[in-house]
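Scroll down for the structure; my scribbles are underneath it.
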Amino acid sequence: MILVINGSPNKNSITLSVAKEVLKYSNEEIKYINSYDIQVDSCDDCKYCHTKKGCIKRDDMDGIYELLFNANTLVISSPVYFGGMTDKTMKIINRFQRFFEQKYSLKDNNIPRFNNLFIISTQGGVNPKMFNGVYQTYKILELLFNPDYSSILTVPSTDEFHPLDQQKVLKKIQKIQKKMITFL
């Protein structure tokens, strides 16, 4: 199963259209979570997961945790707002803290394991430094989940051009599609 976390407030966003293009040849079941349609509290570093498996908070993240354990591919699709992914996307990612603590503090590697991890991010502007926060988040997720294959696709200038109308972007998507690991 492929789990896509859509971090845009727009369910038909440009960013999500790129994610769907990446996945269009997959025969696997795809589940979409629209981060703006769910209620997820931020991690507040309460230290619960530092000494116990899991998270003390009870909200829509419980269902996402279950999906993460069943997914073999995780796609996080988010536009960039002021140098980082949207706040709703980051609320979900910040709750992955429980897996970090489980793996590194509790020395328990029974956390989600992905064949593929993809981060897809767009920005309306042209400043490549605005993707720096996305790259840092990608590196942390790659370290945490240790996927067999991972890739980050950042696309600037979406206020001027739709990504799927740009040959450069389509070539990057094709490269990801060729390397994507599926077991169907």
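Filter region 53-69 down to residues that are among the small types (Gly, Ala, Ser) and open to solvent by 70 Å² or more (accessible area, probe 1.4 Å), then give me how many there are.
The initial filter retains those residues of region 53-69 that are among the small types (Gly, Ala, Ser), namely 54, 63.
With the extra rule that they be open to solvent by 70 Å² or more (accessible area, probe 1.4 Å), the set shrinks to none.
Here the count works out to 0.
Confirm whether Ile14 is within 22 Å of Ile120 (Cβ to Cβ), in contact (Cβ under 8 Å) with a residue 60 or more places away in the chain and more than 13 Å from the chain's Cα centre (by Cα). Considered against the rule, which asks whether it is within 22 Å of Ile120 (Cβ to Cβ), in contact (Cβ under 8 Å) with a residue 60 or more places away in the chain and more than 13 Å from the chain's Cα centre (by Cα), Ile14 comes out as yes.
Pairs linking a residue in region 156-176 that is open to solvent by less than 50 Å² (accessible area, probe 1.4 Å) to a residue that is assigned to a helix (DSSP H, G or I) and of a type in the set (Gly, Ala, Ser), with Cβ atoms under 9 Å and 6 or more positions apart or on different chains, are Pro163/Ser17; Leu164/Ser17.
Looking at Asn34, Asn72 in this structure, which one is surrounded by 12 or more Cβ atoms within 10 Å (Cβ to Cβ) and in contact with a Phe, Trp or Tyr (Cβ under 9 Å, 6 or more places away or on another chain)? Don't jump to the end; show me each part of the working.
Working: Asn34 fails: in contact with a Phe, Trp or Tyr (Cβ under 9 Å, 6 or more places away or on another chain).
Just one listed residue meets the conditions, Asn72.
Note on region 166-181: residues that are under 18 Å from the mean Cα position of the chain (by Cα) and more than 16 Å from Asn27 (Cα to Cα) amount to 2.
With respect to (1) at pLDDT 95 or above; (2) among the β-branched types (Val, Ile, Thr); (3) more than 30 Å from Cys46 (Cβ to Cβ), the lone exception for Thr158 is condition (1).
Please indicate, with yes or no, whether at least one residue in region 100-116 is in a loop (DSSP other than H, G, I, E, B), in contact with a Leu (Cβ under 9 Å, 6 or more places away or on another chain) and among the β-branched types (Val, Ile, Thr). First the steps, then the outcome.
Going through region 100-116, the residues in a loop (DSSP other than H, G, I, E, B) turn out to be 105-115.
Keeping just the survivors that are in contact with a Leu (Cβ under 9 Å, 6 or more places away or on another chain) gives 111-112, 114.
Add one more test, that the residue is among the β-branched types (Val, Ile, Thr), and what stays is 111.
Yes: one or more hits.
Suppose we keep only residues that are among the hydroxyl-bearing types (Ser, Thr, Tyr) and free of Cβ contacts under 8 Å to residues at least 60 places away in the same chain within region 75-108. Which one would you say is surrounded by the most Cβ atoms within 10 Å (Cβ to Cβ)? First the steps, then the outcome.
The initial filter retains those residues of region 75-108 that are among the hydroxyl-bearing types (Ser, Thr, Tyr), namely 77-78, 81, 86, 89, 104-105.
Filter again for free of Cβ contacts under 8 Å to residues at least 60 places away in the same chain, leaving 81, 104-105.
Working: Tyr81: 17, Tyr104: 13, Ser105: 12.
Selected residue: Tyr81.
Please determine, by comparing only the residues of region 141-155 that are touching a residue at least 12 places away in the same chain (Cβ under 8 Å) and out of contact with any helix residue (DSSP H, G or I) (no Cβ under 6 Å at 6 or more places or on another chain), which one is farthest from Asn94 (Cα to Cα). It comes out as Asp148. Looking only at region 116-141, which residues are within 24 Å of Ile30 (Cβ to Cβ) and either at pLDDT below 95 or surrounded by fewer than 16 Cβ atoms within 10 Å (Cβ to Cβ) (or both)? Of everything in region 116-141, nothing turns out to be within 24 Å of Ile30 (Cβ to Cβ) and either at pLDDT below 95 or surrounded by fewer than 16 Cβ atoms within 10 Å (Cβ to Cβ) (or both).
The values are calculated or read from the model by the stated rules, or taken from the named source; none is laboratory data. Remember, predicted model here, so these are calculated numbers, not experimental data. Note that we place each Cβ from the backbone using ideal geometry, even for glycine, and neighbour counts take in every protein chain shown. Note: accessible area is taken over every heavy atom of the protein model, side chains too, but ligands, DNA and RNA are not part of it. Shrake-Rupley method; radii C 1.70, N 1.55, O 1.52, S 1.80 Å.
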